[in-house]
2 protein chains.
Amino acid sequence: MKTSIATVCLSGTLEEKMQACAAAGFDGIEIFEADLVVSPSSPAEIRALAQRLELRLDLYQPFRDLEGVTEELFEKNLHRLEAKFQLMQQLGMNMILVPSNVGTATVEDDTVIAGQLRRAAELAHRYGMYIAYEALAWGTYVNTYWHCWQLVQAADHPNLGVCLDSFHILSRGDDPSRIPEIPAEKIYFVQLADAPELGMDVLPWSRHHRVFPGEGSFDMVEFMTYLTQAGYSGPLSLEIFNDVFRETDPSITAADGLRSLRWIQQGARGHLSTDNPARDQLTAMPKIDPVEVIDHVEVTTDAPDECGALLGALGFAFIGQHRRKTAQLFVAGGVKVVLTPVHQGGTYISSVALQVANSNDALARARALGAPVVSRPVTADEVRLPGVFGPGGMQFFFVDDTAASWPTEFGADLDRLADNTNTIRLDHLNVPEARDHFGASVLFTLATLRMNALPGQDVASPRGLVHSQALESPRGGIRWVFNRVPRTYTNRAGEPVRYPGHIALAVDDLEQRAAAAIDAGLAVLPIPTNYYVDLQARFGLDDATVRRWQRLGILYDRNADGEFLHLYSETLGGLFIELVQRIGSYQGYGPGNAAVRLAAQEQHEQQRRL
Amino acid sequence: MKTSIATVCLSGTLEEKMQACAAAGFDGIEIFEADLVVSPSSPAEIRALAQRLELRLDLYQPFRDLEGVTEELFEKNLHRLEAKFQLMQQLGMNMILVPSNVGTATVEDDTVIAGQLRRAAELAHRYGMYIAYEALAWGTYVNTYWHCWQLVQAADHPNLGVCLDSFHILSRGDDPSRIPEIPAEKIYFVQLADAPELGMDVLPWSRHHRVFPGEGSFDMVEFMTYLTQAGYSGPLSLEIFNDVFRETDPSITAADGLRSLRWIQQGARGHLSTDNPARDQLTAMPKIDPVEVIDHVEVTTDAPDECGALLGALGFAFIGQHRRKTAQLFVAGGVKVVLTPVHQGGTYISSVALQVANSNDALARARALGAPVVSRPVTADEVRLPGVFGPGGMQFFFVDDTAASWPTEFGADLDRLADNTNTIRLDHLNVPEARDHFGASVLFTLATLRMNALPGQDVASPRGLVHSQALESPRGGIRWVFNRVPRTYTNRAGEPVRYPGHIALAVDDLEQRAAAAIDAGLAVLPIPTNYYVDLQARFGLDDATVRRWQRLGILYDRNADGEFLHLYSETLGGLFIELVQRIGSYQGYGPGNAAVRLAAQEQHEQQRRL
């Protein structure tokens, strides 16, 4: 389907917004009136800019408080409307959004409202314009899509149809299943917006906290499926009021938005049977099976010796250096880590390679989701791993059977690697992401790898709340946590400081592993005694166990599913390693313990600076 | 009354928080358990630190999910509680907060709950401890203070009392007027928290958006008055969960918190008759009449020539240079502006001088609100204006009759100044404030000058939403608007850029003034044509008027109270001047027009950079 986005979603001037939308690949935009009003460009100039950028001007919006008013006020409103039609003529547009009246409605009479809508449509007809009438969730008299549709039916004019906005429907808990009963030709426009559960009134929720489809908690795919069943064939537009988007580089936001429209269409395709002709309206993405295995992780580091020592202490074997580059391969059990030395910039996860059935399909899918391709030079007889940049700059590589021999470039014996009896596994990755890129990175990762999002959490740190979003693959093979970095992560000079990410390794014998690793030189993050005093009181643990854990720096949690033991290494310039042991069917990450860790890291960092 | 604050209000480590509380002047603190758990300091070390800082450890909190449970679980809970009493012994504390059960309550039976509370109190008695039981607004069975008090009465134990938290009472819309019916000796503790109206569920509202008393929309003074009538004599504590506080320098937050406790006590004193003995419990502040007149405004500038030219174009007369310093006095009508040249740093309002009956009283009040004194050297025969630093660094000076001769130091003839027939007046000041200082600056200004807060507003700018908070003096003599600067106010190198503040001058003949000023060289901020097209459609204005306004750069608003015309000068390194004309009894600031202005300024700035 054609894609569109309201200019109010984006930061910047109208001209900057249009540039960003075109660059992201949108087919069209909605002109948000306030953006036009403050623009120095004339309507003719905006029209010309849109033509040059090959952007359709799909919808002029909003025209407020038209209907359900006294005759005297309605006549004034028609004058207002006529002025907008004249403006739209200059813009070369033909559709205007009329949301249901919230400001001036005094006549609660469907006959009057439908009559006024019809008269507005007659005026539209004279100008060759179309009116898309939309029920706001907080409309005074009209606040459901069905009521809106009934009024449009009653008004019965070929220049009047409905606009369906997922936020206004789903935020009220309204049932979208009757959408297919509306004739496709009367659905003039569709606006898609998701939102996280926030326990807020609809109005402030809508004004500040909408997000792109897939980034919130509404069932957007189901909504899209109903639209498709209704026969709606576009444009599919985004109208997101979001305080963070208003402060974010519009090129990031626009790319994120287009990605969400690709994702939602693909999702709806999955809900429709393949012989349903409506399905063809939906833009397809290259389909892959959900990704379940991380092939290897690349750590870029300006401290390769320390990093190698850390891995060594944890039981990783150094396999070898790349035959041509300075990269080093470390392996423990099923976990492969490639260390790439650099001169400066700290230590961080720079790429993640994923096992896929067909790397070309995976690459094509990632590209369809707006990811730029990574080009890493290889020589003729080296394996070329196709890859892309994620929104936050991390690289994703795709490894299929044909590329499985890449470790031989590090001198590895593939058979011996496969025979590794070390029972260490990758438990999860934890990746920090700046506020600007957080939502985009989560949606990109989720959509590219076909993961599922768990509910988000806030973790208290001495520098502010850290928002944490865990993704999991359907069969649990990959767990991937994103942390939104607080703006306070700066050093004393106010320069940004690398908020640490981490790699969590799962073992079956944490206490023994920890003891051995400490003997081998592992520096464990010191956990305060007060934590163990509290732990003992909370869980009624025996003294000996708690003392043993304390000596090893092990943290603990227990719930109905099982138990969780884990410890953290000291941070190495932006990265640390976590060792975890899951007992029973414990699925969490030790809630509460992350706050202890963040405080201990802060304390440790402060002492280091002294 | 003694003052206290929960450590959860503040950013940093427990030790940093304690330092900040002591420095701000709090008498005591509440130890938030999670802060202790993550601290490397032992309980004995925390106790010693508190002693050295002369901080009382008033309350250990929270002990969750104690009561309303099965006997089996309750016995486990008693064990948990006993461990906390042992910990509190090490801390040298004797009071613990028990909020009503929200996690594990299954027994909805007041007899059982009261019995369990009594048994907990008996345990407390054995340790010399006291339990303050508090109804959480979202408590499973116990969620009103009255129910909480009934249970404490039924439990009937000398080691059990209630904790009253204003948030939990007022957020539910509960009536606090029965507080005086609770015997003072059974009110063990009081937590004060305010909150802005956000239309949210109580739980997320409480966890993220509490603010200090006076910074939200609850009637905190009335609440404080009931507490005083109940005979409660302290401590008076703050428990604020706030995402911004968690990221703010704790010394700013602590000073802001103590200020709010001074403010609320003074407010409650005003509500109690002077012969009410309870009134003496409340810490008094030096009292002054509400301030209604700004004596003069000081503008510090690295572009004094341009600044002087701007003032001159607007009809200001240059009176003279200070006899000893480089400062220059400009006067128009009742408005005095002192220009203080500096080498660099842009142009901004650096101080505001206020007319008061007694400058010593005003200074004492400001100091009681935690403001450091400004010391500006003067020679023996010069007027010394007492003054303080506001939280954001702006200076406040107080001018009484004895100091009214200060303009003579600029060579002014006081009689001629008084005779000035120019009908220009100060309409309002608009002062930008960083996110960290915003709440503190608003509360300080409001409390020091005895102003009232209007509802806050969000204004869309190309760089994000700007939150705007207007204060007005009771008789309307002073209007003072604070703008919270978006974090995006940086230049291309990421360095902070001065978000412009402004001085708004009121005139009765805006069109003539504007024309004259433009003739005299005033550079008016260009307002886009699209604005005027929209304006005409919105208000049905005639062509000639709109064309005239457009030529002069005049913006317009109209409401039931009257009309508003205004224009903006171009920005001069962080400051611009607004000219306004209020017609009828128009009280607003032209809502919507601020967004036009912000966009026009951004556009103008971008062109300037090209």
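Give the residues of the stretch B:582-592 that are more than 10 Å from chain A (Cβ to nearest Cβ) and not aliphatic (A, V, I, L, M), sorted by residue number.
Step one: of the stretch B:582-592, the residues more than 10 Å from chain A (Cβ to nearest Cβ) are B:582-591.
Hits for the stretch B:582-592 are B:582, B:584, B:585, B:586, B:587, B:588, B:589, B:590, B:591.
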Can you confirm whether residue A:174 is in a loop (DSSP other than H, G, I, E, B) and modelled with pLDDT of 95 or more? yes
Determine whether the stretch B:502-510 contains at least one residue that is surrounded by fewer than 18 Cβ atoms within 10 Å (Cβ to Cβ) and in contact with a His (Cβ under 7 Å, 6 or more places away or on another chain). no
Of all residues in the stretch B:532-558, which are touching a Leu at 6+ places or on another chain (Cβ under 9 Å) and away from chain A (no Cβ under 14 Å)? B:549, B:552, B:554
Need pairs with beta-carbon distance below 7 Å; first residue within 11 Å of another protein chain (Cβ to nearest Cβ) and within the stretch B:13-37, second in a strand (DSSP E or B) and modelled with pLDDT under 95; sequence gap 6+ or separate chains. B:34/A:460
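For every residue, the table says whether it meets (1) within 14 Å of chain B (Cβ to nearest Cβ); (2) charged (D, E, K, R); (3) closer than 30 Å to residue A:596 by Cβ.
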site: A:372; (1), (2), (3): no, no, no
site: A:401; (1), (2), (3): no, yes, no
site: A:413; (1), (2), (3): no, yes, no
site: A:453; (1), (2), (3): no, no, yes
site: A:464; (1), (2), (3): yes, no, yes
Go through the residues of the stretch B:67-75 one by one and say whether even a single one is touching a helix residue (DSSP H, G or I) at 6+ places or on another chain (Cβ under 7 Å), over 21 Å from residue B:133 (Cβ atoms) and β-branched (Val, Ile, Thr). no
Out of curiosity, is residue A:393 farther than 23 Å from residue A:283 by Cα and loosely packed, with under 14 Cβ neighbours inside 10 Å? yes
Search the stretch B:426-468 for residues being of a type in the set (Lys, Arg) and either part of a helix (DSSP H, G or I) or modelled with pLDDT under 95 (or both), and hand back the single one that is surrounded by the most Cβ atoms within 10 Å (Cβ to Cβ). B:463
Report, by residue number, each residue of the stretch A:102-119 that is within 29 Å of residue A:29 (Cβ to Cβ), part of a helix (DSSP H, G or I) and among the polar types (S, T, N, Q). A:116
Name the residue, out of A:65, A:109, A:35, that is over 23 Å from residue A:156 (Cβ atoms), at pLDDT 95 or above and not polar (S, T, N, Q). A:35
With the requirement that a residue be farther than 30 Å from residue A:606 by Cβ, not in a strand (DSSP E or B) and not polar (S, T, N, Q), what does the stretch A:469-492 give you? A:474, A:475, A:476, A:477, A:478
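Would you mind stating whether residue B:408 is surrounded by fewer than 22 Cβ atoms within 10 Å (Cβ to Cβ) and of a type in the set (Val, Ile, Thr)? I'd like the intermediate steps shown before the answer.
Numbers: surrounded by fewer than 22 Cβ atoms within 10 Å (Cβ to Cβ): yes; of a type in the set (Val, Ile, Thr): yes.
So residue B:408 fits the description; yes.
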Please determine, by comparing only the residues of the stretch B:1-12 that are hydroxyl-bearing (Ser, Thr, Tyr) and more than 13 Å from chain A (Cβ to nearest Cβ), which one is nearest to residue B:132 (Cα to Cα). B:4
Yes or no: residue A:159 within 14 Å of another protein chain (Cβ to nearest Cβ) and of a type outside the set (Gly, Ala, Ser)? no
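Pick from A:252, A:240: which is in contact with a Phe, Trp or Tyr (Cβ under 8 Å, 6 or more places away or on another chain), within 14 Å of chain B (Cβ to nearest Cβ) and not small (Gly, Ala, Ser)? Outline the logic, then answer.
On the way: A:252 fails: in contact with a Phe, Trp or Tyr (Cβ under 8 Å, 6 or more places away or on another chain).
Within the list A:252, A:240, the selection yields A:240.
Can you name the strands (runs of 3 or more DSSP E) wholly within the stretch A:518-610 that have at least 2 residues being in contact with a Pro (Cβ under 8 Å, 6 or more places away or on another chain)?
Details: elements: A:555-559, A:562-568, A:575-584.
The strands (runs of 3 or more DSSP E) meeting that bar are A:575-584.
Select from the stretch B:198-210 the residues that are surrounded by fewer than 23 Cβ atoms within 10 Å (Cβ to Cβ) and touching a residue at least 24 places away in the same chain (Cβ under 8 Å) and list them in ascending order.
B:202, B:203, B:205, B:206, B:207, B:208, B:209
Looking at A:459, A:383 in this structure, which one is among the β-branched types (Val, Ile, Thr) and within 14 Å of chain B (Cβ to nearest Cβ)?
Working: A:383 fails: within 14 Å of chain B (Cβ to nearest Cβ).
After applying the criteria, what remains is A:459.
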Does the stretch A:43-63 contain any residue that is under 25 Å from residue A:11 (Cβ atoms), basic (Lys, Arg), more than 13 Å from chain B (Cβ to nearest Cβ) and free of Cβ contacts under 8 Å to residues at least 12 places away in the same chain? yes
Kindly indicate whether any position in the stretch B:204-221 is within 14 Å of chain A (Cβ to nearest Cβ) and hydrophobic (A, V, I, L, M, F, W, C). yes
Count, please, the residues in the stretch A:496-517 that happen to be touching a helix residue (DSSP H, G or I) at 6+ places or on another chain (Cβ under 8 Å), of a type in the set (A, V, I, L, M) and either assigned to a loop (DSSP other than H, G, I, E, B) or within 14 Å of another protein chain (Cβ to nearest Cβ) (or both). 1
In the stretch A:415-425, residue nearest to residue A:598 (Cα to Cα) [restricted to those that are among the β-branched types (Val, Ile, Thr) and surrounded by fewer than 18 Cβ atoms within 10 Å (Cβ to Cβ)]: A:423
Test residue B:479 against the stated conditions and say whether it is out of contact with any Pro (no Cβ under 9 Å at 6 or more places or on another chain), modelled with pLDDT under 80 and not polar (S, T, N, Q). no
Only one of B:114, B:105, B:137 is over 24 Å from residue A:531 (Cα atoms) and within 14 Å of chain A (Cβ to nearest Cβ), namely B:137
One residue is enough: does the stretch A:559-579 have a residue meeting the conditions over 28 Å from residue A:490 (Cβ atoms), among the β-branched types (Val, Ile, Thr) and away from every other protein chain (no Cβ under 14 Å)? no
Using the structure shown, decide if residue B:74 is within 15 Å of residue A:534 (Cα to Cα) and at pLDDT 95 or above. no
Conditions (1) among the polar types (S, T, N, Q); (2) under 30 Å from residue B:255 (Cβ atoms); (3) touching a strand residue (DSSP E or B) at 6+ places or on another chain (Cβ under 9 Å); number of the one not met by residue B:326: (2)
Among the residues of the stretch B:78-101, write down those that are out of contact with any Asp or Glu (no Cβ under 9 Å at 6 or more places or on another chain), outside any helix (DSSP H, G or I) and either away from every other protein chain (no Cβ under 14 Å) or surrounded by fewer than 16 Cβ atoms within 10 Å (Cβ to Cβ) (or both). B:92, B:94
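The values are calculated or read from the model by the stated rules, or taken from the named source; none is laboratory data. None of the values given here were measured: they were computed from a predicted structure. Quick reminder, even Gly has a Cβ in these numbers, built from the backbone with ideal geometry, and neighbours come from all protein chains shown.
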